[in-house]
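To start, the structure under review is shown below, and the notes come after it.
What follows is calculated from the coordinates using simple rules that are stated; it is not laboratory data. No experiment lies behind these values; they were computed from the predicted model shown. As a convention, Cβ positions derive from the backbone with ideal geometry for all residues, glycine included, and neighbour counts pool all protein chains shown.
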Amino acid sequence: MAEPLLEVRDLKVSFRTEDGIVRAVDGISFTLDEGEVLGIVGESGSGKSVTMMTVMRLITDPNVIYQGSIIYKGRDLMGLSRDAMREVRGEEIAMIFQDPMTSLNPVYTVGWQIEEQLNEHNDLKKGQARRRAMELLAQVGIPKPEQRIDDYPHQFSGGMRQRVMIALALSCNPDLLIADEPTTALDVTIQAQILELIKNLKREFGSAVVLITHDLGVVADVADRILVMYAGRIVEEGNKEQIFYDPQHPYTWGLLGSIARLDRPRARRLTAIAGQPPSLINRPQGCSFRTRCPQAFDRCRAEDPQLTAKVGDGHLDACHLSVEDKRERRDKTINPELAETA
Amino acid sequence: MASPSGPLLQAEHVIKYFPIKRGIVIQREVARVHAVDDVSLEVQRGETLGLVGESGCGKSTLGRSFVRLFPLTGGRIFFDGQDISTLSRRGMRPLRRELQIIFQDPYASLNPRKRVGQIVGAPLAIHGIGDRRERKRQVQELLEKVGLSPEHYNRYPHEFSGGQRQRIGVARALALRPKLVIADEPVSALDVSIQAQVINLLADLQEDFELTYVFIAHDLGVVRHVSDRIAVMYLGKIVELSPAEELYERPIMPYTEALLSAVPIPDPRESAARERIVLEGDVPSPINPPSGCRFHPRCRYATEVCTQLEPPLVDYGNGHLAACHHPLNVDKETLARATVDQRRTPAKADESAKPTQPAQQAR
């Protein structure tokens, strides 16, 4: 098998605070192949953003403690100097964020910002950078790029700003694009446009993409493989088909049940996940999800479940329930009304 | 007009323009944002009316004009049969007990320096209900009703997560036992799993308190789940008004069709099989809205007539109204039976321009 583009091995990221140590990411491992689209799904505070911010080495908090390794194209990013990491960022790995309003510099034109990045990483003549910037704006679907290139960020709408961010991220042909909730702040119509664009990236640029989101609906169309994170750990991992048609972890069921779906008859009630995510300072004993899990039994309190493959190739989950029990209880949990009538 | 047995709230040709001013000493109006442009609809007692549309379509402005957070530019609003569109601040005050609003941002809508008890108890204190002890008892009861604990009374908002804060906002809105609650994007800022909790809570409270909701959101999945009827807005106009299920099964306005097709479906196979209509570009500026049908620059069925005549709201039966020259999902007979809704059609629309043909092949 070819070497993966990115391999994260037993990564732990903690923050020292006055109240104790916050274990934001608590021992996660995964790989990403070239050109693959990986979805990372979980609630706020599940560690999905911290994981990818760590890959980019963008966490500047002096109270952070790291363990584990991040192997990108055979190099451990954790050991790189600041200057070496600067080269990797932008040229190799680029990131776009949830809020396109705050991630662009308001006092420079968008063209200036893209040209700056191009000049930083390439040896270009003046006119070349501008031409390339215009090409990029056209590629991400901004109409009349020759006019818009001299506009300031406030002259763009939210969806257009997110396109500018994507153009900026693509300017140096990165092999990996990390998109952190890129559509959460946008309308559904604009979300559809941006997701379409991200799908095309793979085809046109051959980039691998990590898409971070709290909405399983968003990854259903775009992602090849999905990680479900809860309280700093991966609780389920599998390809798209496995996660959507044979979900194994009760947390994944809860996420699926929480969506008000347009493609199903209207449910009387949504299957919400009760309660709040646990404190990352005092993690509950045993399974972290057991405090919110309607399926929890004695063993969940006593023993921490490990992420193992039980049902199929590359389909891993961390739950003590037997596969038979899960398949029997799953539909009742995700959509009790549909299960009743069936 | 509307009697106390009629609709709880009735809006007639409501207009709200926001002026854009230039100049330092002498401010002159240079343009207007047409936020809500001649909207007529009614909210029946006990129902949930969903308002959907993209950012800037005027859904929040319409919701806020229902509770008279600002004076209207034109039109009238009746609440429980009483015309509230010209009432003074003082005149509005007794009505504030019956009309409440829940805001989108659970971080910005709670005063960080006040304790939960003070926040939820404020409406009671302002309206002089009960003494201090009685108010505390009521607030604690409310906190329990919305799924928080009475011990949270002395905590500050920053100690709570987004979902819990939204529960505090719900408790505050319900403190005065209102009749009508405007929920302005109450779950958009929350995680999907927490959204479901808050939606279920709102449904339970509707039953307990016999509430009427106007539910404003851009997520059509959520709106369908909570609403009895849905109004789709585009650039300050109502373009379609329909019972909830019917809107999803049989959208008439091409804009509604496009909105529905943009909602992500958490099912990879269905998602791949589905035809997705990706609307090009953004919503045009509400300062200079397009002529004729405001959706025509982005519409794939648009023809000459759409650029010139504003379509009237046409009643296709079963309470399903749409403003479109090229209606979808309508057969010839339905089209022949359909009538122009004189009362709800905007004054500038051409009432004679009832559509004669269903939509042709998309461009």
Stretch gain in nm, segment A:LYS199-A:LEU124, where the contour uses 0.36 nm per residue and the Cα spacing is subtracted: 24.1 nm
Between A:GLU241 and A:ARG266, what is 0.36 nm times their sequence separation minus the Cα-Cα distance? Round to one decimal in nm. 6.6 nm
Could you give the nm distance between label points at B:TYR156 and A:THR60, where each point is 7 Å from its Cα heading toward the beta carbon? 2.6 nm
Of all DSSP beta bridges having both residues in chain B, the percent classed as antiparallel (nearest 5) is 65 percent
Could you tell me how far the Cα centroid of segment A:118-187 sits from the Cα centroid of segment A:272-342, in Å? 42 Å
Sequence order, segment B:208-221: Karplus ³J(HN,Hα) from phi using 6.51 cos²θ - 1.76 cosθ + 1.60, θ = phi - 60°, Hz rounded, Gly and Pro as x, gives 4, 9, 6, 8, 10, 10, 10, 10, 9, 7, 9, 8, 5, x
Averaged across B:282-289, how many Cβ atoms of other chains sit within 10 Å of each residue's Cβ atom? 2
If each K or R counts +1 and each D or E counts -1, the residues other than B:ASN111 whose Cβ falls under 15 Å of its Cβ total +4
Within the protein assembly as shown, the percent of DSSP beta bridges that are antiparallel, given to the nearest 5, stands at 65 percent
Quick check on chain A: take the gyration tensor over C-alpha atoms, sort the square-rooted eigenvalues as a ≥ b ≥ c, and tell me if it's rounded (a/c under 1.5), prolate or oblate. prolate
Can you find, among A:GLY286, A:GLY275, A:MET229, the residue farthest towards the positive end of the dipole of chain A? Put +1 on the C-beta of Lys and Arg, -1 on that of Asp and Glu. A:GLY275
Footprinting exposure proxy for B:VAL25, A:VAL218 (fewest neighbouring C-beta atoms within 10 Å first): B:VAL25, A:VAL218
Check which residues have an amide H placed less than 5 Å from A:GLY39's amide H, if you skip close sequence neighbours. A:LEU211, A:ASP224, A:ARG225, A:ILE226, A:LEU227
Apply the Karplus parameterisation 6.51 cos²θ - 1.76 cosθ + 1.60, with θ equal to phi minus 60°, to every residue of segment A:321-333 and state each ³J(HN,Hα) to the nearest whole Hz, in sequence, with x for glycine and proline. 4, 6, 4, 5, 4, 4, 5, 6, 8, 4, 5, 5, 7
For segment B:234-296 and segment B:161-176, compute the distance between their C-alpha centroids and round to whole Å. 31 Å
Among B:75-86, A:202-213, A:237-248, what's the highest-first ranking by average C-beta atoms within 10 angstrom per residue? A:237-248, A:202-213, B:75-86
If you take every DSSP beta bridge fully contained in segment B:179-320, what fraction is antiparallel? Give it as a percent rounded to 5. 55 percent
Difference of contour (0.36 nm per residue) and Cα-Cα distance, B:SER5 to B:THR356: 122.7 nm
Place a +1 charge on the Cβ of each Lys and Arg in segment A:264-342 and a -1 charge on the Cβ of each Asp and Glu, then give the dipole magnitude about the Cα centre in debye, rounded to the nearest 20. 380 debye
Between segment A:60-81 and segment B:15-79, how far is it from one alpha carbon centroid to the other, in angstrom? 52 Å
FRET E, pair B:GLU304, A:CYS172, Förster distance 45 Å, beta-carbon r, rounded to 0.05: 0.45
Residues B:GLU98 and B:ILE20, FRET efficiency given R0 of 35 Å [Cβ-Cβ distance, rounded to 0.05]: 0.55
Within a 10 angstrom radius of the beta carbon, how do A:LEU280, B:LEU235, A:LEU58 rank from fewest other beta carbons to most? A:LEU58, A:LEU280, B:LEU235
Check: segment B:1-102 dipole with +1 on Lys, Arg Cβ and -1 on Asp, Glu Cβ, in debye: 640 debye
Could you check the spin-label model distance between A:VAL311 and A:LYS144? Points 7 Å from the Cα along Cα→Cβ, value in nm. 5.2 nm
Taking amide H positions as placed in the peptide plane 1.01 Å from N, state which residues far from B:ILE230 in sequence (5 or more) or on other chains have amide H under 5 Å from it. B:GLY50, B:SER242, B:ALA244
For every other residue with a beta carbon closer than 11 angstrom to the beta carbon of A:ASP187, add +1 if it is Lys or Arg and -1 if Asp or Glu, then tell me the sum. -3
Among A:ARG233, A:ARG329, A:ARG290, determine the one that fluctuates most according to a GNM of chain A built with springs between C-alpha atoms less than 10 Å apart. A:ARG329
Using Cα-Cα distances under 8 Å and only pairs 6 or more residues apart, what relative contact order does chain B have, in percent? 18 percent
Structure shown: which of A:LYS12/A:LYS73; A:LYS202/B:LYS59; A:LYS12/A:LYS332; A:LYS240/B:LYS237; A:LYS310/A:LYS332; A:LYS12/B:LYS114 lie over 29 Å apart, alpha-carbon to alpha-carbon? A:LYS202/B:LYS59; A:LYS12/A:LYS332; A:LYS240/B:LYS237; A:LYS12/B:LYS114
Only Lys, Arg (+1) and Asp, Glu (-1) charged, at Cβ; chain A dipole about Cα centre in debye: 540 debye
Cut-off 14 Å between beta-carbons: net charge of the residues surrounding B:TYR234, Lys and Arg +1, Asp and Glu -1: -4
Using the Karplus equation 6.51 cos²θ - 1.76 cosθ + 1.60 (θ = phi - 60°), what ³J(HN,Hα) coupling, rounded to whole Hz, does each residue of segment A:257-267 give in order, writing x for Gly and Pro? x, 6, 7, 7, 8, 7, 8, 10, x, 5, 7
